[in-house]
Every structure is written in C-alpha cells, then in structure tokens.
Amino acid sequence: MTPGAPRLRIGYLGPDGTFSHEAVLDAIADPDEVELVALPTVYDTVMAVHDGRVDRGLVPIENSLEGSVNATLDALAVETEDVAIVGESVHAVRHCLIAREPMELEEVEEVISHPQANAQCARFIRDRLPGASVLSASSTAEAVRMVAAQGGRRAALSTRLAAELYGCEVLRAGVEDVAENETRFVWIARRDAETPGERHGPWKTSLVFWGVGAEAPGWLVRCLSEFAFRGVNLTRIESRPRKQGLGRYMFFIDLEGRDTDRPVAEAVAALEGQTERVRVVGSYPAA
C-alpha cells in the first residue's frame, strides 16, 4: 500500500467471528493494510459496495453441501447493476459446537446458529443432540454472542474464531456432516472501480438472463446451446424466481473463460437475441 494512501475498506457479513470474517482474514495478505467493516446482512454488504461505504465486499455465494446462497444471487441480480464480481475465494468450513461454559453433550437443550449452519450439521444434531431444540440466528457469530450473553444449556454452531472472540468454550470441533464442506465466496466491487492488474491463469464469467420466451418449449435449451455450439463450458446453472409471479424465473450461469474471449463474447451476443435481458455479473480470475 502506498504510504499515506487510505486503507482499502472491505465489507463482510458480521458480526466478528462469522465464516465470512474468517474467509476475509484468510484471503488478505496483511490485515493491518485494510479496514474491515462488519455488516448485518449479505444485502447490506452488497449495498455498502453499491453506495461506496466500502471499496470491496466478500460474500458467500455457494456451499458444497447446501448449494447457492440466494440472498447473494438476488442482491447481485435485482438490487443493483453497479456491483460486479471481481474475484472468488474458496474457504473450508469447520463448525464447532460452542457454549459459554464446559458441559456434556447430553446437557445441551438448545442449539442456535444460522439456518445454513444448522443444515450443514443436521446429522450431528440428530445423532448427538437428539433432545435439543434447534433455533435460528442471523449469523453463526450472532449465535455465539447470544450464547455468551444468555448462558444456560445453550450451544451455538460457529467458528473457533467466534469462540475466542466472545470468551466461550468449544465443546466439539469439526461437527459438520461432511468433512470436505467448503463455501465459495466472491469478491465484489463497483463496476467503475479500479481493479488489480492482469492476472494469469483460468478465468470465469458469471451471467444472469431471463426472457419472454421462457414459456416456449425448448427455449432454455436454445439459450444454453449458444455456449455449447461455441465450445464454452458451463460450470453451474441455477434458476431463481424473478419475484413477479409464479413461473417467472431468472437463470444464473457460470462459465469457463473471460467475457472478452471471442467464443464467450459471441455466445453472450447470441444469447441476447434469445432473451429479454442478459447481464454479465462478473468476469474474474477463477479460484
């Protein structure tokens, strides 16, 4: 960082101790050179980038067990067109069962966490905590804060970092149902922001599209064929409601290559002829 230059402000889903916080700390070279800004929701993180309160954001977009993070997809597709994906990072998710004070598993009466974390540890809860009620919190770290404040026979599913930050005890580590549990995070920035210099290696491009032809037989096949005909490999496809009534969807796709590569650019141009709207959500170095 240039001496005297303002520190880069990075927003993430807070409070401190979330997996997003862990992912940011793992992804940046020197935490002292940036200003970390904890935000209450994924939506708030995206909008903080949109209105310039932060320079970059790191938000979860996909988990290997529970699939896509809908709040991120919806915010990027619907809430703003000024924010783009500029990079990605894959973070290993290791859940801990955390309480304010040491206790045996059979003493736990309530388990609190974000719904995604509860789902990722469902087998552990069912097999090792069969009598415990499962409650939801706005984030995994907020669950630890609740346990730290309330005590009793409550436990949270969260990070070891959160246990350290809020003075709690780790009852069990690695309680996720699948050891290879990973979350893909994406870096976001304003489209008009300066980006780092050229990066070597593979690139990825993310698109969202929808169209009035969606009700016609074979419409989606024709759309996707524009990529197949040009040898462009799709790595992910997902539909989300457009929030305009039943049966109306938008489609997200990730593909290999940069949006300026000729086959990708030609496929996107052809797709525009099949749809009402196509938008490149981001073209960025692959993790």
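The values are calculated or read from the model by the stated rules, or taken from the named source; none is laboratory data. Nothing here was measured: the structure is a model prediction, and the numbers come from that model. With ideal geometry, Cβ positions are generated from the backbone for all residues, glycine too; neighbour counts draw on all protein chains shown.
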Taking region 164-194 and keeping only residues that are more than 22 Å from the chain's Cα centre (by Cα) and of a type in the set (A, V, I, L, M), one is left with L165, V170, L171, A173
Going through region 128-149 in order, the residues found to be assigned to a helix (DSSP H, G or I) and without any contact (Cβ under 8 Å) to a residue 12 or more places away in the chain are A149
Inspect all residues belonging to region 251-271 and state whether any of them is surrounded by 13 or more Cβ atoms within 10 Å (Cβ to Cβ) and hydroxyl-bearing (S, T, Y).
no
Determine, yes or no, whether G87 is within 14 Å of the chain's Cα centre (by Cα) and in contact (Cβ under 8 Å) with a residue 40 or more places away in the chain.
yes
Exclusive hit being assigned by TED's automatic domain parsing to the domain that holds V208, polar (S, T, N, Q), part of a loop (DSSP other than H, G, I, E, B) and surrounded by fewer than 15 Cβ atoms within 10 Å (Cβ to Cβ), set Q244, Q274:
Q244
Of the listed residues (A23, A71), the one being crowded, with 21+ Cβ neighbours inside 10 Å and of a type in the set (A, V, I, L, M) is A23
Out of all the residues in region 96-113, is one or more among the hydroxyl-bearing types (S, T, Y), farther than 22 Å from M250 by Cα and surrounded by fewer than 21 Cβ atoms within 10 Å (Cβ to Cβ)?
no
V54: β-branched (V, I, T), touching a residue at least 12 places away in the same chain (Cβ under 8 Å) and under 22 Å from A155 (Cβ atoms), yes or no?
no
Among (1) over 30 Å from S206 (Cα atoms); (2) buried (at least 17 other Cβ atoms within 10 Å of the Cβ); (3) touching a helix residue (DSSP H, G or I) at 6+ places or on another chain (Cβ under 7 Å), there is one condition S136 misses while meeting the rest; what is its number?
(2)
Residues in region 76-94 that are out of contact with any helix residue (DSSP H, G or I) (no Cβ under 7 Å at 6 or more places or on another chain) and among the β-branched types (V, I, T): how many?
4
Screening E35, E88 for residues that are of a type outside the set (A, V, I, L, M, F, W, C), at pLDDT 90 or above and crowded, with 17+ Cβ neighbours inside 10 Å leaves only E88
Do the conditions hold for R7, that is, is it of a type in the set (K, R) and surrounded by fewer than 19 Cβ atoms within 10 Å (Cβ to Cβ)?
yes
Could you say whether any residue in region 205-213 is closer than 13 Å to G87 by Cα, small (G, A, S) and not in a loop (DSSP other than H, G, I, E, B)?
yes
What are the residue pairs meeting all of these: first residue in region 114-127, first residue within 15 Å of E62 (Cβ to Cβ), second residue surrounded by fewer than 22 Cβ atoms within 10 Å (Cβ to Cβ) and not β-branched (V, I, T), Cβ atoms under 7 Å, and 6 or more apart or on different chains?
Q116/N63; Q116/E66; A119/E66; Q120/L65; Q120/E66; Q120/E176; Q120/D177; Q120/N181
